[in-house]
Number of protein chains: 2
Amino acid sequence: MSTTFAPLTNDTFLRACRRQATDYTPLWLMRQAGRYLPEYKATRAQAGSFMGLATNVDYATEVTLQPLERFPLDAAILFSDILTVPDAMGLGLTFAEGEGPRFAQSIRTEADVAQLAVPDMDKLRYVFDAVLMHRILAVNADAVAQYLNAQIDAGAQAVMVFDSWGGVLADGAFQEFSLAYTRRVLAQLKRTGVDGQDVPRIVFTKGGGIWLEDMKDIDCEVLGLDWTANLGKARAIVGGQVGGPGKALQGNIDPNVLFAPPAQIVTQVHAVLDSFGTPHTDRTTTGPTHIFNLGHGISQFTPPEHVAALVEAVHSHSRAQRQR
Amino acid sequence: MSTTFAPLTNDTFLRACRRQATDYTPLWLMRQAGRYLPEYKATRAQAGSFMGLATNVDYATEVTLQPLERFPLDAAILFSDILTVPDAMGLGLTFAEGEGPRFAQSIRTEADVAQLAVPDMDKLRYVFDAVLMHRILAVNADAVAQYLNAQIDAGAQAVMVFDSWGGVLADGAFQEFSLAYTRRVLAQLKRTGVDGQDVPRIVFTKGGGIWLEDMKDIDCEVLGLDWTANLGKARAIVGGQVGGPGKALQGNIDPNVLFAPPAQIVTQVHAVLDSFGTPHTDRTTTGPTHIFNLGHGISQFTPPEHVAALVEAVHSHSRAQRQR
């Protein structure tokens, strides 16, 4: 394969994903292209609808790049929506202004499950012997894997698997109904991008901190955590040693902190960075690294100038950490 | 003090709270007197309003005993509502049918905080130097402690401190804004009931399983856990050894399991009991014990016959565990 992409000017995020030393802690924000930005709202108004925005290359590119024009973030996140996958599976998605997503079809019976459009049904026949719920999850996992592989073929340099609701499951049910299918997605992902580089895989389960021991050995490079987790303890469990194996960590400030005055935001950013501690600084090998992020998506009501304060605090304090 | 209470006919729950061996695992259900029982709804209709029910001794006693008449539960839970405390603090509580609780007063300013009615304001003056939020929490903790002490003086044989929302706090914020005030409540509680016995104290934070190490040493006898926690792992951390110190554990089945068919409820009950493992059986000393409960309150839409299946499964399987 060949690539027409310009060379990367900032590889800090990808280096941290690979547990390589960086000059500062890279950051991006879950849902960083979104309604808290007036320029996003203007583009969405032009597009006419959310699906008009998500399915038009020019609009989607525009909103993908908007947060990077405003803040020195370390990654651009391909603009899309999780519900585009079930839409592609035949459920007919629309977004009503002020009301949120709606599907034309719903899944209530086994016959509905059988109707789900998947690219290669033959591969899936064997799971049809399992119970209804596992059937849906298997079909969904395979569709998610194909979708992420398509993104990798289109130039994505890292991918992330979210489970926003895994944390409400019971111990036991989480391992059976969430983690097993995260593993199923991971096992199917392409490992090399169109630039010839490996594609780091990030896994994030909101509320999953209690199952860190279960997630320690899954086949991915980065684990995301929400704000209930202590990054220092998580580093001890999954971060590994300098020169040894381990996972990079991503997270984990509470998005509600962005509603506090900037001075308080700075204090909380320092607390999160200090909780992880100084990442390793040895450029000759791999070791524990941290990618700063929110513990969940940014609220549409967040003042953009508060985001600027957060970004500045992450970059400056994480540089200072490395000088100690 | 003297007591006019009849002697206990079933001390299984209290024995388990004290880490004493029992013939089976005792159980009660959070919110066991509630809207899932038709007899509760009938009494509430007679009372005219929720506050009419909660403030009338005869009605409150009636609904307290209703679940025990229907199911062989191991504890009667004094019927009340958490919002009666802020009501007593002067906020004017009413319940609108189908709408939920409403307060006549709200707390928005420092002056509002100063207006909160607490029984002995002199004791609280020193906390008025702290920030607003800590002031509210201190006043609230002291009011909760006095309320629980009044329940102990009225004959309560065990008390429980709930933090239903502690699990949404960030690591660090939980310890500062929740756990510190749980400790403050615990420190003020009377240790002896009107029957001359010690009064076990149960602490439950929904979503608190991730902070078990932080809660290991708080001054209480029982820790409650929700369904995300693994009881076996929790037992290893806080349950202690036979003859040694430790805490009893309470929990932790997902209340949604009660919507499954009875056969599936039985399977899940077994999984929860087996997750804890067999409690200790040495009648000469203390050791690890388990009190079965839901991981949160029972839903108003739960079929009562499903509760019967759960209660039967807990008692029979936990007896079988002890025969192994």
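The values are calculated or read from the model by the stated rules, or taken from the named source; none is laboratory data. All values reported here derive from a predicted model rather than from experimental measurement. All Cβ positions, even for glycine, are placed from backbone atoms using ideal geometry, and neighbour counts span all protein chains on display. Please note that ligands, DNA and RNA were not included when accessible areas were found on the heavy atoms of the full protein model with its side chains. Shrake-Rupley method; radii C 1.70, N 1.55, O 1.52, S 1.80 Å.
Some observations on this one:
- Looking across the stretch A:159-184, just one residue is among the aromatic types (Phe, Trp, Tyr) and in a loop (DSSP other than H, G, I, E, B), and that is A:165.
- Answer residue from the stretch A:138-171, given it is open to solvent by 30 Å² or more (accessible area, probe 1.4 Å) and under 30 Å from residue B:232 (Cβ atoms) and is farthest from the other protein chains (Cβ to nearest Cβ) among those: A:162
- Out of B:78, B:68, B:73, B:124, sole residue that is assigned to a helix (DSSP H, G or I), among the hydrophobic types (A, V, I, L, M, F, W, C) and either closer than 18 Å to residue B:54 by Cα or modelled with pLDDT of 85 or more (or both): B:68
- Any hit, the stretch B:13-27, residues being within 16 Å of the chain's Cα centre (by Cα), assigned to a helix (DSSP H, G or I) and closer than 25 Å to residue B:142 by Cα: yes
- Evaluation of residue B:316 against the conditions (1) under 22 Å from the mean Cα position of the chain (by Cα); (2) not in a loop (DSSP other than H, G, I, E, B) shows that the sole unmet condition is (1).
- Residue that is nearest to residue B:267 (Cα to Cα) [pool: residues in the stretch A:172-184 that are within 14 Å of chain B (Cβ to nearest Cβ) and open to solvent by less than 20 Å² (accessible area, probe 1.4 Å)]: A:174
- Of the residues making up the stretch A:272-324, those that are touching a Leu at 6+ places or on another chain (Cβ under 8 Å), surrounded by 18 or more Cβ atoms within 10 Å (Cβ to Cβ) and among the small types (Gly, Ala, Ser) are A:275, A:295, A:318.
- Answer residue from the stretch B:213-237, given it is more than 9 Å from every other protein chain (Cβ to nearest Cβ), part of a helix (DSSP H, G or I) and open to solvent by 10 Å² or more (accessible area, probe 1.4 Å) and is farthest from residue B:190 (Cα to Cα) among those: B:232
- Test: residue B:94 is of a type outside the set (A, V, I, L, M, F, W, C), in a helix (DSSP H, G or I) and open to solvent by 60 Å² or more (accessible area, probe 1.4 Å): no
- Being in a helix (DSSP H, G or I), more than 14 Å from chain A (Cβ to nearest Cβ), open to solvent by 40 Å² or more (accessible area, probe 1.4 Å) and more than 14 Å from residue B:140 (Cβ to Cβ) is a description that applies to residue B:187.
- Evaluation of residue B:196 against (1) within 14 Å of another protein chain (Cβ to nearest Cβ); (2) farther than 17 Å from residue B:28 by Cβ; (3) part of a loop (DSSP other than H, G, I, E, B) (one fails), failing number: (1)
- Considering only residues in the stretch A:199-211 that are in a helix (DSSP H, G or I) and open to solvent by less than 10 Å² (accessible area, probe 1.4 Å), the one that is nearest to residue A:175 (Cα to Cα) turns out to be A:211.
- Subset tally (residues that are within 30 Å of residue A:197 (Cβ to Cβ) and not in a helix (DSSP H, G or I)) for the stretch A:38-57: 1
- Residues of the stretch A:201-237 that are within 17 Å of the chain's Cα centre (by Cα) and polar (S, T, N, Q): A:205 alone.
- Of all the numbered requirements in (1) on the phi < 0 side of the Ramachandran plot; (2) more than 9 Å from chain A (Cβ to nearest Cβ), residue B:253 misses one, and that requirement is (2).
- Some residue of the stretch A:300-312 being farther than 20 Å from residue A:11 by Cα, in contact with a helix residue (DSSP H, G or I) (Cβ under 7 Å, 6 or more places away or on another chain) and β-branched (Val, Ile, Thr): yes
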